Amino acid sequence: MTRFCCIIWLFSFAVWGGSRLVDSVPAMHGEVQSPQYPRPYPPNLMRQWDLWVPEGFQIQLTLKHLDIKTSDGCHQDSLTVLYDQKVLGKFCGQGSSSNHPSKKPILSPGNRLTLIFQTSDSTPEQQQHIGFSATHKAIDIDECSKPDPGDGLGPLCSQLCVNTPGSYRCSCHNGYKLHLDQRTCVLSCSGCIFDKREGRLSSPGYPQPSPPFLSCKHIISVEPRFTVILNFTGNFHIDSVDTQEGPSCLHHWLQVTVPGREPMKLCGAKSPGLIATNSNTVRLDYHTDEEGLSNGWSLEYSTHSELCKLLCLFGCCCLSRVQEARECDQWQWHMILCQIKKLTGCGEPEPLLNGRVTFLSGSQNQYLSVIQYHCNEPFYYLAGDINATFTCQADGKWKSNHNSDITPTCIPVCGQPTKRISVYQRIIGGSDAPDDTIPWQVMMNIEGGRGGGMIIADRWIMTAAHVVSNQGILASNDTVKVYTGVTDIKRDMSSPVYAASVHVHPQYNNPNYVDYNNDIALIKLRDPITFNSSVMPVCLPAEGATYQTGNMGLVSGFGIIKTNDSRMVLTNKLKYVYVPLVDQDTCNNSISVSKTKLTNIPSLTNNMFCAGIPEGGKDSCQGDTGGPFVLSDSGRYWAAGIVSWGVECGQQGTYGVYTKVTNYLNWIHKTMQEN
C-alpha cells in the first residue's frame, strides 16, 4: 500500500510507499460507477472517489441504480457517502423500489463529497451483484439568503447582497463605497484633486476623531514647473503600534506617494512637519479600519518653482513669495549667490533583499548622511559580523566603518517557528497542526498525485525520490506544483510554486517499489520563496549529527488517516505525530519477521533509520511520503529523515522507515551549488 493514495486495494501483503495519489479534477457534473459495472463487482475491494466542485457550490448525488449484496447494517458490502468524514448515507441491497433511500438525492453541505465502495471476501460462491451507478452535479449556493455567518462581523454584506453563480458580491447605496474587506460599505472620500498652487487638506471631521473604515484619496497636481511642499499643522495623531524601531502603521495610516519614489507611510503622534516632495504631483491615501482610534491630521501645501528646486540640488536656499527665508536642507541663502558645501550626494542606497534601510542622520542622501540596514526579523539575519551602518562619503559612495561599499546580505533563519506545539507528552499522535508551527512543510501535486516535502532553502525543496520518479520515469517540471504555508487545504490553498528542475539521487533505482535505498530527491523552484511565520526552511543536519535511540522526532503530512470506523481517508488538515527513534537491530528484526509472512518486502540499509512504538498505533502513515521527520537541538529543528516506506504501518511490532539525511549532505550541497 502507498503512504499517499486515494484508491486503496487490499492485497495479501501491505508495503506502503509506491504509487501516486490521484486527485479528482473539478467538474460541474459527472458519473461514478462501481468497478466492472454493469458486470458483477469483484470481492475483497475498497475504492474511494473524492468529488469536488468550485467554492460556492454544493454537490447533488443521485443513485441511478443500486445492486449491492444485502447484509445487516450493510456491514459487508456497501457504498458509503461522506462529507468531511461525516457519514451522509450508507447503502446496500437493491434500489428498484420507489421508497428505497437511494432514490432520494444527497446534497453535500459544502463543495466536497467522498464515496467509498467496499466489498467483502466472505461469500464462498461467485456473487452476481453489479454494484451501483450514480451521477453528480454542482448546485449553486445562494449565499445572500443565508443568516448571519456568526463570525462577529455581522451579515455577509452591510448594505446590499447580490447572489452570483458560485459566489456573491456586496454593493452599496449612493454616497458609499465598498471597503477592502468587500463586505462593509464606508463613507466615500476619494477623487479629490487640488490644482491650486496652495491649499489646505485635513482628515474627514478634523479636529474630531476620524470615522472607521475610511479609504480617502487626495491628489495634489500643479503645473509641471512647480514642486509641492507639504506642511503639517495642528495636532497630528494616527493610530499606530509601538515597536523597538518606532511606530508601525498596521491598521491606520496616511500614505504620501510621489511618482518614481517609494511611498511613505505616516502614523503615530509626532507631526511629520515640513515635507519637500520635489514633484508637481503628490497622492495622499488615508486609511482607517475598525481597530484603534485616530484623531486625524491637517496640512497646508505650497509650491516652489523649478529654479528653487535646481538651486536646492546645489545646496542653496530660496526666498518665498513673501521674502521669508526658507531652509533648503542645511544650507543658507547668501544674498543672490549660493555657498555650495557639497556638489554631489551618494544617490539612493542599494536596496536590501528581505530587509530595509533607514536614515540615522541627514537626508536626501547627501554628504555625511548615515544609513543603517536591517533584515526582516525574525525570519532573516545579517550575514557574518558586518557593520550594517553606512555613511555617504565625499566620493559619492556609501561606505561602512570598515571602508566597505558592499551591501550586506540577509540570511534566512531556519528551524525556529514563531509558534511552538504546546502539548508534549511521550507520544502525541494524529493531531491537527496549529498554524505557523511546522512552517517548512509543503504539499506537492505531481502529475495529479499528492506528496509531501520540506523547505531547505528559498529555492529548494527536499522530498523522497519515489515521489518524483515513477517506475524510473522522472516527473516533468511543469507537472510539479508546490504549495507552501498550508495547514488547511480548504482554507489555505493558493497559487503553487512550480519546479525549475528535479534532481533524484543518481544511485536510486526502484522500478518495482521493492528497493528504497537512496530514496531522496531535490526540487529547485522557478521563483524564490519569501519567508514569514507560515513559510520557513528547516535546518539541514550539522556535520556529525547523531541519531540517539529513544529521541522523539516530529513527523507531519497530509496523508491517509483512519476514521472512527477504521476506514482510510485523506486528511484536509496538516497532521503531526511524535515518535521515538528505534534501534537499527530492533527494526531489522521486525522486517525479517515480516518477510517470513509477506512477499516483496524491501530491505533495511545503513541509509535508512526507523521510528515508532512497538505496540503500534502511531506511525508516519499519518504523514505524506516525502515529508519531514525532524529532531530538535537547542530549540532549532533539523531535517533528520524523509518519510520513505514501512510494513503494515501503525501495526504492532512494525515501524516507519525514513531516509537518513545526514548520509547525503555532500550530495545535497553539491546539487544546490551546481544548479
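We did not get these values from a lab; they are worked out from the coordinates using the rules stated. Because the structure is a prediction, the values reported are computed rather than measured. Neighbour counts run over all protein chains shown; Cβ positions are idealised from the backbone, glycine included.
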Can you spot the aspartates and glutamates whose alpha carbon is less than 19 Å from K270's alpha carbon? Ignore those fewer than 8 places along the same chain. D239, D242, E245, D285, E300
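Ranked highest first by the average count of other Cβ atoms within 10 Å around their residues, in what order do 636-645, 52-61 fall?
Final packing ranking: 636-645, 52-61.
For R39 and Q182, compute 0.36 nm times the residue count separating them, minus their Cα-Cα distance, and round to one decimal in nm.
46.2 nm is the gain from fully extending R39 to Q182.
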Which of rounded, prolate or oblate describes the stretch 431-674 when judged by the alpha-carbon gyration tensor and an a/c cut-off of 1.5? rounded
How far apart, in nm, are the 7 Å Cα→Cβ label points at K597 and T164? 5.7 nm
Virtual paramagnetic centre 7 Å along Cα→Cβ of I473, amide N under 19 Å, in the stretch 512-535: 512-514
Among the listed pairs K146/K575; K69/K146; K217/K490; K90/K573, those beyond 29 Å (Cα-Cα): K146/K575; K69/K146; K217/K490
Contour minus Cα-Cα span, L107 to S494, at 0.36 nm per residue, comes to 136.6 nm
Sites R225 and Y381, calculated FRET efficiency, Cβ-Cβ separation with R0 51 Å, nearest 0.05: 0.60
As an exercise, use a Förster radius of 35 Å and the Cβ-Cβ distance of T546 and L250 to find the FRET efficiency, rounded to the nearest 0.05. 0.20
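Take E31, E648 and order them by how many other Cβ atoms sit within 10 Å, fewest up front.
Fewest-to-most Cβ neighbours within 10 Å comes out as E31, E648.
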The extension gain from V241 to N354, computed as 0.36 nm times the residue separation minus the Cα-Cα distance, is 38.5 nm
Computed FRET value (nearest 0.05) for Q364 with Q208, which takes r as the C-beta separation and R₀ as 35 Å: 0.45
In whole Å, what are the Cα extents of the stretch 438-506 along the three principal axes, biggest one first? 35, 24, 17
Output the relative contact order of the stretch 431-674, whole-number percent, from Cα pairs under 8 angstrom with separation of 6+ residues. 21 percent
